[in-house]
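Each remark here refers to the structure printed beneath this line.
The values are calculated or read from the model by the stated rules, or taken from the named source; none is laboratory data. Every value quoted in this text rests on a predicted model; they were computed, and no experiment measured them. Heads up, the Cβs are rebuilt from the backbone with ideal geometry, glycines too, and the neighbour counts pull from every protein chain shown.
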Amino acid sequence: MTQVRNLLLAAALLGVAQVAQAAWPDHPITIIVPAAPGGTTDIASRLLAEKMTASLRQSVVVENRAGAAGIIGAQYVAHAAPDGYTLLMGNIGPNAINYSMYKTLPYAQKDFKAITPAISVPNVLEVNSALPVKTAADLVALLKSDSSKRSFGSSGTGQSPHMSAELFKQRTGVDATHIPYKGAGPAVSALLSNQYTFMIDNLPSSIEYIKTGKFRALAVTGEQRSSQLPDVPTMKEAGIDDMVVTAWFGLMAPAGTPQPVIDKLYAAARDALATPDIVNKFHTLGGEPGGNTPAEFDAFIRSEGAKWESTIKGAGMYRQQ
């Protein structure tokens, strides 16, 4: 008799869980951006949130939790309830590079469940237009000849712009001091004020200043030239080999989030990323929309962690912090 009661109770609980998942979402969803406003992570999140709000018929809001190379935001989501209401706009820094850079982290790769990539973008080597530098070769010559100019900024330690600059240093044999900021927005503002010499930034957060002439783009890190900057050479065309970098940003949930919820989130994000206005907006920013399946995105994230390990070791930063 007791066994029958237990079976009935288990069936009832399963039914309640299924009804709860069927009703999901019944209150607002938050996308945590582990960076300051103004960068690609933030831009992509806000565009996606607007579309997903309409699709899911529930508010999807963006909350910035910047700092510590994306660790603060990533940690927050890793330890959030796995119910689909707290998501991370993850990226190459906190969700790939950091695993090789830090001895200890308050989260691990297993703490996240991949949903889908949102956008992938090339990075761009740039300087303030007031600097008398016209090409990547000019910048290399300046850095080698003038020690007072040996500085570069980034959106944060371990982020794609930082590691791209470290790779640039390795490929060209130049030296420069890293100045990290809490996101692309502050880093861009500092370059506008000439607080350092150069930056390799995600294209979306700098493209406005390049097109208005405030920044001078010297090269892009894509395999091919950007359609938004057709006159700007690739790194290879600029004489710097083996310097292809693609920055990526994508939705993740805490591990343990029920698969039916992941499936709903994926469908909403995939459909949003396929809308003409999102596609056109991302292309205007120099990026490509995602939409890959959770399984494909998970495999890609794991491959990215392995790819960046050698660069981190070459920069003498392997798990030293």
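What to note about this one:
- Residue match in segment 220-236 (condition: within 22 Å of Pro132 (Cα to Cα), of a type in the set (D, E, K, R) and in a strand (DSSP E or B)): no
- Of all residues in segment 139-164, those satisfying the criterion of being part of a helix (DSSP H, G or I) and without any contact (Cβ under 8 Å) to a residue 12 or more places away in the chain are Ala141, Ser145, Ser147, Ser148.
A quick yes/no check of all residues on (1) of a type in the set (S, T, N, Q); (2) over 28 Å from Gln228 (Cα atoms); (3) touching a Lys or Arg at 6+ places or on another chain (Cβ under 7 Å); (4) in a helix (DSSP H, G or I):
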residue	(1), (2), (3), (4)
Thr257	yes, yes, yes, no
Tyr266	no, yes, no, yes
Ala269	no, no, no, yes
His283	no, no, no, yes
Asp298	no, yes, no, yes
Glu304	no, no, no, yes
Lys307	no, no, no, yes
Lys313	no, yes, no, yes
Gly316	no, yes, no, no
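- Hits in segment 203-219 (condition: more than 19 Å from Met163 (Cα to Cα) and either polar (S, T, N, Q) or not in a strand (DSSP E or B) (or both)): Ile207, Glu208, Tyr209, Ile210, Lys211, Thr212, Gly213, Lys214
- Hits in segment 225-270 - residues which are within 24 Å of Ala295 (Cβ to Cβ), at pLDDT below 95 and of a type in the set (S, T, N, Q): Thr246
- Test: residue in segment 262-270 that is among the small types (Gly, Ala, Ser) and closer than 25 Å to Phe152 by Cβ: no
- Criterion (closer than 24 Å to Arg46 by Cβ and either of a type in the set (Ser, Thr, Tyr) or free of Cβ contacts under 8 Å to residues at least 24 places away in the same chain (or both)) met by exactly one of Thr221, Thr284: Thr284
- Once segment 89-116 is narrowed to residues that are part of a loop (DSSP other than H, G, I, E, B) and out of contact with any Asp or Glu (no Cβ under 9 Å at 6 or more places or on another chain), the residue that is surrounded by the most Cβ atoms within 10 Å (Cβ to Cβ) is Tyr107.
- Among the residues making up segment 109-138, those that are of a type in the set (A, V, I, L, M, F, W, C), modelled with pLDDT of 95 or more and either touching a helix residue (DSSP H, G or I) at 6+ places or on another chain (Cβ under 7 Å) or over 27 Å from Thr284 (Cα atoms) (or both) are Phe112, Ala114, Ile115, Ala118, Ile119, Val124, Leu125, Val127, Val133, Ala137.
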